[in-house]
Amino acid sequence: MSEPTPVYSVRELTQHIGEEVVLSGWLDNKRSSGKIAFLQVRAGGSTVQVVIGRRDVSEAEWAEVERVTQESTVRVAGRVKADQRAPSGVEVQATGFAILALTEDYPITPKEHGTAFLMEHRHLWLRSSRQRAALRVRSEVEQAIRDFFYERDFTLIDSPILTPAASEGTSTLFETDYFGDKAYLSQSGQLYLEPAAAAFGKVYCFGPTFRAEKSKTRRHLMEFWMVEPEVAFLEFAGLCDLAEEFVGYLVARVLDRSREELKILERDTAKLAAVVPPFPRITYTEAVEILNREGNPIQWGDDFGGDEETILASRFDRPVMVTQFPASFKAFYMQPDPENPDVVLGLDLLAPEGYGEIIGGSQRIHDPELLRERIRRHDLPLAAFQWYLDVRQYGAFPHSGFGMGIERFVAWMCGLAHLRETIPYPRTLYRIYP
């Protein structure tokens, strides 16, 4: 008789139906009648039901089944059987069982726990089914992002984390010492992407960014991951189309490949299925008029907050794109609208269901003199941006790009109320442990 096949994840089991396997993992849950036990064993991020009859194992092994506890490390030998009722499509009929490491007093039990307690034990909370589902969706989104840009011939550029200057001012930056000079944790890779666009044409960066905003809202983290494409000779209309195509692609990918995770999260997928381009587009001026009609007192020239974004997005069943914002509160590098220099060629894409802005972008100023004037007007150190001005000085070209925070997008896909569940180890205003 051949030796059982070692299997390292539940998903692999479908390739071994009818075969003898050995599976190692952790015990999620257990039910036992004294004659038969049903174990939920987790391996590779998913769980499978293991059925163990008392007659099918030795007395010593059955004693181990009786004493095994939640989150103990176990090894199961048995035959894989098809089971269409099971989420994994299989179950294991055990012929052998061993405890590799017995867990005692596991702190996260099936009872209700407060958020503070769960965040204190985030390193263990990751094992729960909902947290695993959310992070699997995140993983799928991240892979889809890379596939989207790879398929469209973008080049990945790794922008630096330590920078000598801010992209939008220093008030929300984490400052650190760099051998006697001031340096900052990056709040965006955009400025470093723009020179790369002159080298490669279509580029993007994807990595961690940092904002020292003293905010406690459900929409903010101190450390988050952002994807930012930048495209040479792409002007504003094309940028709007790219953002729309990008979001439509990601939503379709999640619906296609993450249905089991969305089911665990009890996500209403009908709402996601409605997210098909084209998306509605309105100008900032039209948005202010809508808000005023809804009783919101915002004035032209005020920036949107969470309340305003929620009101606007609630009118649509898919993301709404708001364009042409006042230059007064937008970043120094945004191209003025040639038809109205008081506004910029910028866009915010607002997700429905109260998830707020998921994309922000613009056409960039490519005239060196105009950019130099904007840097001065924003009281930024001109010398620190000389390299950025060089991009315009030596072969100026129109270009555009946007940024999307992964955590907000994943929260929307999963229907989660707070960003802290969309990243393995969230950094919030008062939490940096674990």
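Placing unit charges on the Cβ atoms only, positive for Lys and Arg and negative for Asp and Glu, gives region 269-324 a dipole magnitude near 360 debye about its Cα centre.
Hey, which of these cross-link pairs are over 23 Å Cα-Cα: Lys202/Lys271; Lys182/Lys214; Lys214/Lys330; Lys111/Lys263; Lys35/Lys263; Lys81/Lys111?
Those over the limit are Lys202/Lys271; Lys35/Lys263; Lys81/Lys111.
Summarising the label geometry, the points placed 7 Å from Cα in the beta-carbon direction at Asn29 and Glu289 lie 5.4 nm from one another. Grab the beta carbon distance between Ala63 and Lys263, set R0 = 60 Å, and tell me the FRET efficiency rounded to 0.05. With a Förster radius of 60 Å, E is 0.95. Of the accessible area of region 312-375, computed with a 1.4 Å probe over protein heavy atoms only, carbon and sulfur atoms account for 44 percent.
Quick check on region 228-327: take the gyration tensor over C-alpha atoms, sort the square-rooted eigenvalues as a ≥ b ≥ c, and tell me if it's rounded (a/c under 1.5), prolate or oblate. Oblate, since a/c reaches 1.5 and b/c is not below a/b. FRET efficiency for the pair Asp56 and Tyr150, taken as 1/(1 + (r/R0)^6) with r the Cβ-Cβ distance and R0 = 60 Å, rounds to 0.80. Note on Ala384 and Ala101: the model spin-label points, each 7 Å out from Cα along the C-beta direction, lie 4.6 nm apart.
So, with a 1.4 angstrom probe, what is the percent of accessible area on region 197-263 that is carbon and sulfur?
Percent of accessible area from carbon and sulfur atoms in region 197-263: 53.
If R0 is 60 Å, what FRET efficiency do you get for Thr217 and Glu3 from their C-beta distance, rounded to 0.05? Result of the calculation: an efficiency of 0.60.
Calculate, in nm to one decimal, what Arg127 and Asp317 gain on full extension: separation in residues at 0.36 nm each, minus their alpha carbon distance. Before the final figure, lay out each step's value.
Numbers: separation 190, 0.36 × 190 = 68.40 nm, distance 3.33 nm.
Here the segment from Arg127 to Asp317 would lengthen by 65.1 nm.
Need the full-extension length gain, Leu370 to His418, defined as separation in residues times 0.36 nm minus the C-alpha distance. One decimal, nm. 13.3 nm is the gain from fully extending Leu370 to His418. Using a Gaussian network for the chain with springs between C-alpha atoms less than 10 Å apart, which of these wobbles most: Thr155, Thr109, Thr95? Sorting by GNM fluctuation, first place goes to Thr109.
Around Asp241, what is the net charge, scoring Lys/Arg as +1 and Asp/Glu as -1 over all other residues with Cβ under 11 Å from its Cβ? Around Asp241, the surrounding residues sum to -2. Placing a pseudo-label 7 Å from each Cα along the Cα-to-Cβ vector at Lys271 and Tyr433 gives an inter-label distance of 3.5 nm. In whole percents, the pair-distance distribution calculated for region 366-432 from its alpha-carbon pairs, binned every 5 Å from zero, is 3, 14, 16, 12, 9, 6, 12, 17, 10, 1.
In the chain, taking the dipole from charged Cβ atoms about the Cα centre, the farthest positive-side position among Val92, Phe397, Thr172 is held by Val92. Around the Cα centre of the chain, unit charges on the Cβ atoms of Lys, Arg, Asp and Glu (plus for the first two, minus for the last two) sum to a dipole of about 1340 debye. Okay, which of region 325-339 sit inside 15 Å, backbone N to the point 7 Å along the Cα-Cβ direction of Glu235? Only 335-339 fall inside the zone, counting backbone N under 15 Å. The GNM of the chain, with springs linking C-alpha atoms under 10 angstrom apart, assigns the highest mean-square fluctuation among Pro229, Pro336, Pro319 to Pro336. Within the listed set Leu239, Leu193, Leu100, the residue fluctuating most in the Gaussian network model of the chain (springs between alpha-carbon atoms under 10 angstrom) is Leu100.
Dipole orientation for the chain: of the candidates Ala144, Leu370, Ser58, Ser58 has the Cα lying most toward the positive pole (charges on Cβ; Lys, Arg +1; Asp, Glu -1).
The residues of the chain have, on average, 47 Å² of accessible surface per residue, using a 1.4 Å probe with all protein chains present.
The values are calculated or read from the model by the stated rules, or taken from the named source; none is laboratory data. Given the structure is predicted, the values throughout are model-derived calculations rather than measurements. Don't worry about glycine lacking a Cβ; one is built from the backbone with ideal geometry, like all the others, and counts go over all protein chains shown. Just the protein is used for accessible areas: all its heavy atoms, side chains included, with ligands, DNA and RNA removed. Shrake-Rupley method; radii C 1.70, N 1.55, O 1.52, S 1.80 Å.
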